[in-house]
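K.L.:
Just passing along the structure, written as structure tokens.
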Amino acid sequence: MNKRLTTCAALLLAAALGLNAQKPMKAPKGGKAISDELIGIFFEDISSSADGGLCAELVQNGSFEYNPNEKDGWGASTAWKTIRPGHSLGMLEVRMDKGIHPNNPTYMRLHVERVKEFYDYKGWKGYGLENSGFDGISVKAGKQYDFSIFLRNYGQAKQLRVVLGVPQGWGKDPKVLAETTLNVADKNWKKYAATLTPAEDCTNAVLQMLVLNQGDIDVDMVSLIPQDTYKGHGLRKDLAQVLADLQPKFMRFPGGCVVHGGGDGFWNTYRWKTTIGPKEQRRGLKNTWGYHQSMGLGYYEYFQLCEDLGMEPVPILPCGVSCQGTNGGWNMWPHQAQDVCPMSEMDEWTQDALDLIEWANGDPATSKWAKMRADQGHPAPFNLKYLGLGNEEKITPEFCERFKYMYERVTKAHPEIVIVGTAGPGSHAKNPDYEAGWKLADELGMPIIDEHYYEPNKYFLSSRQYDQYPRDRKTKVYLGEYAAKDKKLIDALAEGLYLLHVERNADIVCMTSYAPLFARKNATNWNPDLIYFDNERPYLTCSYYVQQMFGQSSGQYYYGDCVRFEGDDAGVQQPQPDVHYGQSVVLNVKTRKLYVKLVNASKDEKEADINLSRFPLKKTAVKTVLTGKADDENNYDKQPVVPQKETIKAQKKFDIDLPPYSMVMLEYQL
């Protein structure tokens, strides 16, 4: 073939594959190299973030594993009720013998004594169960929903009528939205499945299962999931999309205090190995925040979400030490309880870490754990880079001993893995745990240490903590949990001003993540949160939009001398302590984009002089403005603070007026 034609064909193919993107540019002088993984997310199952949230499962307690250990009054029948239309008769029995799997022992036996229509009543008949999901089941007309259930039959074959319906009040049968009938004959556990397509929209539907024949039948793992999930991976589409819109560079999971389990002892510690594989084989746990976590959203789904959103996974593993809040420890400050496992058991905790690396990165042909990943549908490695050990523990001698034990063995076996340690609860100077945590990090040469703090907005408006950090330390900072203690616009701008400070110090601070991420309406354990939601939609806070602008403007170089505020001395870099406005200029050499971010958290308008002469700007730029009143707050009823975008002419030298209580971002293509 003609060489020229071959070249043209290659170029066309590259264009079709998106491989002809602009080459990375050389950074102009004056920039400081910084982390381009600065903005990520932290997912913890708090405030019903997983079940009834990001996990698209619509049935609550479908495995019948709720129990009083998790919440007083709870049991296998929580979220269920018995139904017997036509005055059918039967009995419901909770069983734990010969279940589907030891990790999922509880199931329901339906003993049906009579199935008939009462007198000549031509309504429904049968004996069974009804589930109303999480504050109702929300379905859309014409959309398909995958129903599945595990059943075990006794005696003659039976029919199970499955109905998705609209409640019509006491004593009345629901209006049918969709239904199917399953023929059940197997005397061993078998999974049955069907697709339900509702005829109309409904926000408070119920799922009914009615046995239509006399006799016994066992029921477990009832599920109803929309087919239309995020990238087909079982996550609620709208909630996953608002995460994608943040453009996060990594995700830390599964916690948080969830890492240590429910605070009842090591029996309830979160262990990643029981969250993978078929869902009927996963072990549900009492959640730290007072409810049940089914593990429908487990390690496989976490890693898959990271891949779908282009995020680095940052799993956090326990290291043989409990949360100091165990057994009411938070109420005993400063004499908090902290349980530790015997050193003789530390090999087990260490092996969990080594096996996780194999599961995520290993070859299925040679690794048992990698084969399990492949069997679940992902033969290619997940390319795990980061691994966190411990979360927010008090830095006691017992913790240090166990952390060192794991750290040394994991780094020896896998020197390519970047370990993230912890600075304990409350990462501020003069805090004993903070000081001890940094001492341990320096001793081990730890790559990254995880700092946490929640403070009133005044702290974020005035503190410039990282200006004082030594520049010669080997250990970088991950600000893994932080937030101003409210969700008004002034709180979001305080966080934005602080992130400008973090960007200026992004040679020291390599990662940050706001916390908590999600909160379900009427099931909130913490305030504030970044994203609130109900069954219908997410509600985005002011802080969400600030995080979004920072996530959209990542780069590898920081320039501190391109912006000068009116009245400031020449050469002064913002933000400064007790000055409630600031700026940051970040260059992304990979995408050839330049970002100018300006925050004005004061009541007065500010003028900024901008000089971008060193950068080869294209003709236009995108200007994004977030502004409002200081006390404005986005909630379920109204969203007064949303970003406004416009295309403007790009200029190399110009002045810009910043409205009171505003954040402005300018995006340039180079």
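K.L.:
Can you say what percent of the DSSP beta bridges in the chain, counting only those with both residues inside, are antiparallel? Round to 5.
P.N.:
On the way: 104 of 134 bridges.
Counting only bridges with both partners in the chain, antiparallel ones make up about 80 percent.
K.L.:
Once the Cα atoms of region 467-604 are picked out, what are the Rg and Dmax in Å?
P.N.:
16.4, 53
K.L.:
Could you list the GluC sites (Glu not before Pro) in region 51-160 that lie in coil according to DSSP, counting only those with at most 15 other Cβ atoms within 10 Å of their Cβ? The partial results should precede the final answer.
P.N.:
On the way: sites: GLU57, GLU65, GLU70, GLU93, GLU113, GLU117, GLU130; in loops: GLU57, GLU65, GLU70, GLU117.
Those that pass, being in a loop and sparsely packed, are GLU117.
K.L.:
While we're here: For region 450-503, what is the Kirkwood hydrodynamic radius in Å, using each pair of distinct C-alpha atoms?
P.N.:
Working: mean 1/r = 0.0848 Å⁻¹.
Radius from the Kirkwood sum: 11.8 Å.
K.L.:
If you add up the charges near THR274, with Lys and Arg at +1 and Asp and Glu at -1, over every other residue whose beta carbon is less than 10 angstrom from its beta carbon, what do you get?
P.N.:
Values: positive: ARG271, LYS273, ARG282, ARG283; negative: none.
Net of charged neighbours comes to +4.
K.L.:
Pairs to check: LYS606/LYS653; LYS237/LYS590; LYS32/LYS249. Give those whose C-alpha atoms are more than 25 Å from each other in this structure.
P.N.:
LYS237/LYS590
K.L.:
Given all pairs of different Cα atoms, what value in angstroms does the Kirkwood hydrodynamic radius of region 168-223 take?
P.N.:
Numbers: mean 1/r = 0.0720 Å⁻¹.
Kirkwood hydrodynamic radius for region 168-223: 13.9 Å.
K.L.:
Let me ask something else about it. Magnitude of the Cβ-charge dipole of the chain, K/R +1 and D/E -1, about the Cα centre, nearest 20 debye? Before the final figure, lay out each step's value.
P.N.:
Values: 78 positive and 84 negative charges, 450 e Å.
Roughly 2160 debye, rounded to the nearest 20.
K.L.:
Once Rh for region 271-428 is found with the Kirkwood sum over Cα pairs, what is the Stokes-Einstein diffusion coefficient at 10 °C and 1.306 mPa s, in µm²/s? Please report the intermediate quantities before stating the final value.
P.N.:
Details: Rh = 16.9 Å.
In µm²/s, the coefficient rounds to 94.
K.L.:
Tally Lys and Arg at +1 and Asp and Glu at -1 over the other residues with C-beta under 9 Å from the C-beta of LEU196: what net charge comes out?
P.N.:
Numbers: positive: none; negative: ASP146, GLU179.
For residues surrounding LEU196, the net value is -2.
K.L.:
Sticking with this structure for a sec: Just to confirm the filter: which chymotrypsin sites (Phe, Trp or Tyr not before Pro) across region 138-211 are DSSP coil and have at most 13 other Cβ within 10 angstrom of their Cβ? Mind dumping the intermediate values first?
P.N.:
Working: sites: TYR145, PHE147, PHE150, TYR154, TRP170, TRP189, TYR192; in loops: TYR154, TRP170, TRP189.
Answer in residue order: TYR154, TRP170.
K.L.:
Could you tell me the distance between the Cα centroids of region 533-606 and region 140-176, to the nearest Å?
P.N.:
Here the two parts' Cα centres lie 52 Å apart.
K.L.:
Using every Cα-Cα pair within the chain, state what percent have a distance larger than 37 Å.
P.N.:
Details: 99808 of 224115 pairs.
Value for the chain (Cα pairs over 37 Å): 45 percent.
K.L.:
Can I ask one more? What Kirkwood hydrodynamic radius, in Å, does region 210-270 give when the mean of 1/r is taken over all pairs of distinct Cα atoms and then inverted?
P.N.:
Working: mean 1/r = 0.0624 Å⁻¹.
Answer for region 210-270: a Kirkwood hydrodynamic radius of 16.0 Å.
K.L.:
Roughly what angle does helix 489-504 make with the longest principal axis of the chain, taking Cα atoms, 0 to 90 degrees, to the nearest 10?
P.N.:
Taking Cα atoms only, the helix is inclined about 60 degrees.
K.L.:
Now for a different question. How large is ³J(HN,Hα) for each residue in region 139-150, as worked out from phi by the Karplus curve 6.51 cos²θ - 1.76 cosθ + 1.60 (θ = phi - 60°), to whole Hz, x for Gly and Pro?
P.N.:
With coefficients 6.51, -1.76 and 1.60, one gets 9, 10, 4, x, 7, 9, 10, 8, 9, 8, 7, 9 Hz.
K.L.:
From the convex hull of the Cα coordinates of region 125-172, what is the mean projected area in square nanometres?
P.N.:
Working: hull surface 20.6 nm².
Projected over every direction and averaged, the Cα hull of region 125-172 covers 5.1 nm².
Taken together, the values in this text are just the output of simple stated rules run on the coordinates, not laboratory data. The structure presented is a predicted model; accordingly, all values stated were derived computationally and were not measured. Please note: Cβ atoms are built from the backbone with ideal geometry, for glycine as well, and neighbour counts cover all protein chains shown.
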